[in-house]
Structure formats: structure tokens, C-alpha cells
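Okay, so here's the structure we're looking at.
Laboratory data are not the source of any read-out in this text; all were calculated from the coordinates shown. Note that the coordinates shown come from a computational prediction; the quantities given were computed from them, not determined experimentally. Glycine gets a Cβ as well: all are built from the backbone with ideal geometry, and neighbour counts include every protein chain shown.
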Protein chains: 2
Amino acid sequence: MNLKIALLPGDGIGPEVLEQAVKCLQAVEETFNHNFTYKEALVGAIAIEKKRNPLPNTTLELCKEADAVLFGAIGDPKYDNDPEAKIRPEQGLLRLRKELELFANIRPVKIFPSLIHNSPLKKDIISKTDFIIYRELTGGIYFGEKKINAEGTVASDLCEYSEKEISRIAHLAFKAAKNRRNKLTLVDKANVLESSRLWRKVVTKIGESYPEVVLDFLFVDNAAMQIILNPRQFDVILTENMFGDIISDEGSVIGGSIGLLASASVGDENALFEPIHGSYPQAKGKDIANPIASILSAAMLLEHFGLFEEAMAVREAVDKSLEKSVVTPDLNAKSQYGTGQVGDFIAHNIVDSE
Amino acid sequence: MNLKIALLPGDGIGPEVLEQAVKCLQAVEETFNHNFTYKEALVGAIAIEKKRNPLPNTTLELCKEADAVLFGAIGDPKYDNDPEAKIRPEQGLLRLRKELELFANIRPVKIFPSLIHNSPLKKDIISKTDFIIYRELTGGIYFGEKKINAEGTVASDLCEYSEKEISRIAHLAFKAAKNRRNKLTLVDKANVLESSRLWRKVVTKIGESYPEVVLDFLFVDNAAMQIILNPRQFDVILTENMFGDIISDEGSVIGGSIGLLASASVGDENALFEPIHGSYPQAKGKDIANPIASILSAAMLLEHFGLFEEAMAVREAVDKSLEKSVVTPDLNAKSQYGTGQVGDFIAHNIVDSE
Ligand SMILES: [Mg+2]
Ligand SMILES: [Mg+2]
């Protein structure tokens, strides 16, 4: 397969972890005989510094032309400590998501057996947990009309959804369930919210086209409990923007390895892959940043294009690094391995198991 | 102190657990020389059966005249299995909260050391957790304008808050913090929502009147993580209706003893106290229902009227029953104690430790 991949290293540890992800993609190219091309562009604080724009036009054009975007990290303490700053690194990512119409945020929650002791949950509850959250990313209350009266005493936000917005992500989630364990859970608050009732109606209707997928429903307050009490019950969770924000952040901590989690933001024409961790500027250039989340975001990229065997080869190489403790010091304080060495180990262990 | 208490036993195990709570209040009267009067009224399925109304007028009048309402439980499978039923038991409680203008829902999350093994969280994370959630109960998106267009393809819900709605519950929460560890955390999403920014502005202003209370802020998605990662950090959490629904349900399961949790719903003129568990109709009349949540709701009633020593005496008696395993079979499968015996034990152990 030929793929044009835009590389956006961004700030902090972004460049060094992204470099390891690219190593792994190159190993996949070689092992499985694909042809990926990579073009790099500026985003975030570094783009503000060099181009006075957190998302320069050349970067946006490159991303639009690419099949996929591999993203490092964004953010710099210089801006965090200045609440008055009008131009901020994070705007680069937000605008990019909007321009590329990335309407679905995908967050896998999967437990690494060798890291299970890091989980805040007891082992018998968390072990074998493996689910994936499809969160609607461009609608709902975060983007609805905001009002405040002249006196500043009454404020409101509107949560609005259309059938079309629900339908396009629902199809993605059902397709994902078909490739997994055939279970889809819609998280909503349909006993109270009109918008949730529309979600339920539209998703139920679409479900008829996926008869092999069992669809069930959970109110968001109950979902917040079930993720703690019995996370194994979930396969694919589908939900609206704000519920997805809460539920996916809750889900991200139960495994105890939040620094290893990857995510995808997907649209009809494009897709962006990134670790969920931030730019961690304190670690920049010290060769201690953990590249695994970035490498796993590359695995999600491969899956997005149907390269499941290739993605599995990456995941197995990652598992091997964890099992053999070829990891950065955040996972093993005694470890002597740096960012680049971990990346090399994983890339070298990408093999075709057929 | 003289208190007029309305007793609403309701359905299922409601009557039998409420009876134990009353025993304990009577023990408090005797021990601490108070004078409480009790009047009972119908609510829920039993009220529908006898009066064709889940909240008969006589019940509402009784509650309005009372200083506080002690509530059992509500709900009957007959209605749960009939989605077409127009009159439902739960309407009785919802209307009562509305009529009494109970705008603050208060949910303590406190760990019982003897039940810590039931928690889904690891012991070192959950131990010594002790916080209380103040959830706004009558405003926000659950009660905002709901719309659906004629074609049924676009639906919306409005989240609206006024300064007054925020202010009255904020004062309650600050006062609670003053009586505890002087820390208040406002949970919101002020980086995105206009209504959250109003919450932050109003709560910050009110905080100036409570200089001894340290106020901090947490976005709701981060709060959903922190409750799992480090629940000990919280003292009083204040939040709007929907965030409170999610966060308090999440909080209710981390202790592993959801069946023992009590709650209060408080207004300017009245207050209602109830266990958070349901009517559990399968256990009705079998003398196996756990009365502790109902007894702890009576302790919250005492605290509401400033009877802190009395409430502490009730809590210490409950702790004793747990330590000595004088508990119902849900907490100890080998236990021979019934609902009434546990109630008797706790009531007999209410002593003035002065
Ligand atoms: Mg979030
Ligand atoms: Mg709830």
C-alpha cells in the first residue's frame, strides 16, 4: 500500500517520540512491502515561534493532501503561564481537527498485562479489559450556542445534534464492533435529554444494518460506575462529545498506564493519530521520553487503513519491549534505556509472524 | 430540640429499613434529651394503589409542615416492566423534591475501614477517603428547554444557570467545608462552557466571604480521573446538576459499599433524607434488608439541624455493628442477623460519649 503521511512533531518531547513511531512505520514498510512517504511540517509553539501561527497554511495544506497525519505533542509552558496570550499552541491542533473535519475521536482502553500493577483498580477487576471509545468530536454542547445576559447573571450553553452528525460516527463504531467482539454500547442520558433520545433513535435504526452487532444502552452516570466496577463488559462504546470527554478520560486512568495510550481523530477524508500524553517539556531532549504511546498511535494509523496484520506486528513488538523491560525510566526506574533505544528495539522486533 | 419529622416509607424494603432509622432517632431523643415527633404518609407505588397518586396531597401537606422528611425507598417492578404506564412511583419523589424546592443534593463518600476489601480500588488508594458532593439538583440541562424539529432530525437541550441558583448551593457547600477540612473543589468545564464560567465567577466571589476555605477548580473530565487516582484529595466537591449526577454516581462505587450510602436533598425551607439504594422488592418482608443506609440518612438529618454530636453517636454505633459483624447477610453471608436485629443493635449502642 502507498500512503502519504504528514508528520507534525510539534513541541516538547513530540519530535523525539514521533521519530520512534516513524522508525516503526519504516520497519513495517520493509517487512510487509509497503511504500509510505513522509513529509514534516510545523505546528504548535514551534510554529508560533517560526511562523507566528500555530497552524501555518503550509502545514494545513500538507495535511489536507496527506492520507493521514501523525502528530507528536503540543504545548509550551511559556503560554500556559500566560493566560492573556491570544495566540496559543493548542489552537493549532483544534483548528487542524476542524479544518480536516475530524468528527470521531477514538480512544482504545487496553490493559498491558505487564503493567497491571500500576492500575488503581484491583487486578481481578481490570485484567483482560479491552474496549474502545468512539467519541463525537465536533458537535454537542462544546460547540453549541453560548449566551450570557447583559448583567452577566444568566449563562447558557446549547447541546444540539443532528441525525447526520450522529449517523456518520455511528457507522464507524458499528464497523469497529464488527472487527472486534460484536458489541456496541451507546452511552447517553435518554431518560432526560432530547438530544440523547435522538442519538438512541438514530443509532438503533443504523444498528439494523449491522445485525451481527449486539447494541445496548447505558445512561452516562451508570457508565461512569460500570467503567470502575466491571470494565471487561465493554467492547465498543459510542457517545456524544461531552460524555465522551468524561468517560474517555475516566477510562484512560483505569489501566494505570496513561502515558502509553494512543488516540485517533477520524473524518471522512482524513485522520490524525497521536499519543494522549502532552508535550512534557521538562523531559525534552533528555532521551527519557517514553515513545510507546506515539508508536501505538502509528499502529492505530495502520489499522485505520485496514493493515491489521501490520498493526498487530507493531503491538506485539511493543508487548515484547514491556515484557523484556526494554523501557524508559518512567516504567522502570532502574532502566538504562533511552527513547531512541526503546524505539530501535521495537522497530527491530516488527516481524511478519505468518 | 423539637423536630417534626415526616416519615415516607414508600415501597419494597422502604418501610422496614425506615423503621430502624426511627428506632435510632428515638434512641437519640432519649440519650440526648430531644423531642422528635413522627407522622407517616404514603408515597410511591403504595400511594398509587391506595390513592391513585404517587404523591397524594395529604402527603405533600404533611411534608411541607414538617421540619424534615425521612424517606424510605420507591419503585415497584409492576411499573418498571410497563413502559406505557402514565402514573409511576418515581414521579412521587421527583414532584416532592420540586414542591419542596430541594435544590441541593448532598452525597457523602466515606470509606468504612471494615468494608475496604469490597472496593474496586486498591486499598492504598481508597483508604481514608472522606468527601462530600454538593450537586445542584433543580437547574441545568436536565431542566432546560428541550427541542426537536418537525422532521425529528435535530434535537437540542439547553443548559442554563442563573447567579441565584449557583449562589444558594455555593453557600451551603462553603459552610459544609468550614465544618470539615476547609477545602472546596468546584467541578466545571469553564474552559469550554459559558455556564461553567458563570459558576466559576459566582463561586469565586462567594468564596471571599469564607476566607478560611481554600477554593480550587477542576474540569469535570479531570475530576472523573482524580476520583479514581486520588480520592483522598477531596473534601467538599461542588458542581452543577449533570456533572454532579455523573461524579456522585462514580463516587458512590469507589467505596465498594454502595448499599450503605445515604443522601440528603436540601432546600431553604425543607430537607429530605434517604438511602441511595432502591426499593429492592425481592427482599421485601424477608428481614434481610440492610438498614444501615437508612440509619445513616437519619444521621444526616441530625447534622442538618446542627446536632453533630448526636449524628456522631449514630455513626459510631453503625461502625460498631460493622466491626462486630452484627450485619445483614449482604455484608456477611454467614450472618444470622435480620434487619430488625441490626436496627436494635445500632439503636442500643447510641450513647452520649461525653
Ligand atoms: Mg478531556
Ligand atoms: Mg445518577
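Step through the table entries A:LYS39/A:LYS146; B:LYS178/B:LYS201; A:LYS164/B:LYS189; B:LYS86/B:LYS164, compare each Cα-Cα distance with 28 Å, and write down the pairs that go over it. Walk me through the numbers before you get to the answer.
Working: A:LYS39/A:LYS146 39 Å; B:LYS178/B:LYS201 20 Å; A:LYS164/B:LYS189 26 Å; B:LYS86/B:LYS164 34 Å.
Check vs 28 Å cut-off fails for A:LYS39/A:LYS146; B:LYS86/B:LYS164.
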per DSSP, antiparallel bridges as share of beta bridges in the protein assembly as shown, % nearest 5, sits at 45 percent
Out of A:MET225, A:MET312, A:MET242, a Gaussian network model of chain A with alpha-carbon springs under 10 Å gives the largest mean-square fluctuation to A:MET225
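Using only C-alpha positions, report the orientation-averaged shadow area of the convex hull of the protein assembly as shown, nm², one decimal.
Details: hull surface 133.3 nm².
Computed as one quarter of the Cα hull surface, the answer is 33.3 nm².
Any chance you could list the semi-axes, whole Å, largest first, of the equivalent ellipsoid that the Cα gyration tensor gives for chain B, using √(5λ)?
Values: eigenvalues 191, 137, 86 Å².
Taking √(5λ) for each eigenvalue gives 31, 26, 21 Å, largest first.
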In a Gaussian network model of chain B with springs linking alpha carbons closer than 10 Å, the residue among B:ILE87, B:ILE237, B:ILE254 that fluctuates most is B:ILE87
Filtered hits (aspartates and glutamates, Cα-Cα < 13 Å from A:LYS122, offset >= 8 within chain) -> B:ASP124
Excluding residues fewer than 8 positions from B:LYS4 in its own chain, the aspartates and glutamates with Cα under 14 Å of it are B:GLU29, B:GLU40, B:GLU61, B:GLU65, B:ASP67, B:GLU269
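Per residue, what volume in Å³ does the convex hull of the Cα atoms of region B:32-151 enclose? All intermediate terms of the calculation are to be shown ahead of the outcome.
On the way: hull volume 27.6 nm³, N = 120.
Value for region B:32-151: 230 Å³ per residue.
Once the other residues with Cβ under 12 Å from the Cβ of B:GLU309 are scored (Lys, Arg +1; Asp, Glu -1), what is the net sum? All intermediate terms of the calculation are to be shown ahead of the outcome.
Values: positive: B:ARG315; negative: B:GLU303, B:GLU310, B:GLU316, B:ASP352, B:GLU354.
Cβ neighbours under 12 Å give a net charge of -4.
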Answer in debye to the nearest 20: the dipole magnitude of region B:112-261 about its Cα centre, from +1 Lys/Arg and -1 Asp/Glu charges placed on Cβ, is 600 debye
Rounded to whole angstrom, the alpha-carbon centroid of region B:167-241 lies from that of region B:98-152 at a distance of 14 Å
Computed ³J(HN,Hα) along region A:193-198: with the Karplus parameters 6.51/-1.76/1.60, θ = phi - 60°, integer Hz and x for glycine or proline, the list is 9, 5, 5, 5, 5, 5
With N residues in region A:8-60, Rg(alpha-carbon) / (2.2 N^0.38 Å) equals 1.35
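Among DSSP beta bridges whose residues both lie in region A:109-260, state the antiparallel percentage, nearest 5. Intermediate results must be reported in sequence, preceding the final value.
Numbers: 5 of 19 bridges.
Around 25 percent antiparallel, to the nearest 5.
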Long-range amide H partners of A:ILE237, meaning residues 5 or more apart or on another chain whose placed amide H is closer than 5 Å, are A:ILE132, A:ILE133, A:TYR134, A:THR185
Cα-based Rg and Dmax for region B:112-261, in Å, come out at 16.9, 56
Distance in nm between A:THR153 and A:ASN35 label points, each 7 Å along Cα→Cβ, equals 7.0 nm
For region A:113-161, listing trypsin sites (Lys or Arg not before Pro) in a DSSP loop whose Cβ sees at most 12 other Cβ atoms within 10 Å gives A:LYS128
A correct Kirkwood calculation over the Cα atoms of region A:1-92 returns a hydrodynamic radius in Å of 13.8 Å
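Region B:150-200: Rg/Rh from Cα coordinates, Kirkwood Rh? Please report the intermediate quantities before stating the final value.
Values: Rg = 15.7 Å, Rh = 13.2 Å.
Expressed as Rg/Rh, it is 1.19.
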Of the residues B:ALA262, B:ILE237, B:ALA317, the Cα lying farthest along the dipole of chain B towards its positive end, which is defined by charges on the beta carbon of Lys, Arg, Asp and Glu, belongs to B:ILE237
Pairs over 24 Å Cα to Cα, from B:LYS51/B:LYS98; B:LYS128/B:LYS284; A:LYS78/B:LYS205, come to B:LYS128/B:LYS284; A:LYS78/B:LYS205
Within region B:206-313, DSSP-loop GluC sites (Glu not before Pro) with at most 13 other C-beta atoms within 10 Å are B:GLU208, B:GLU212, B:GLU269
So, relative contact order of chain B in percent, Cα under 8 Å, 6 or more apart, is 23 percent
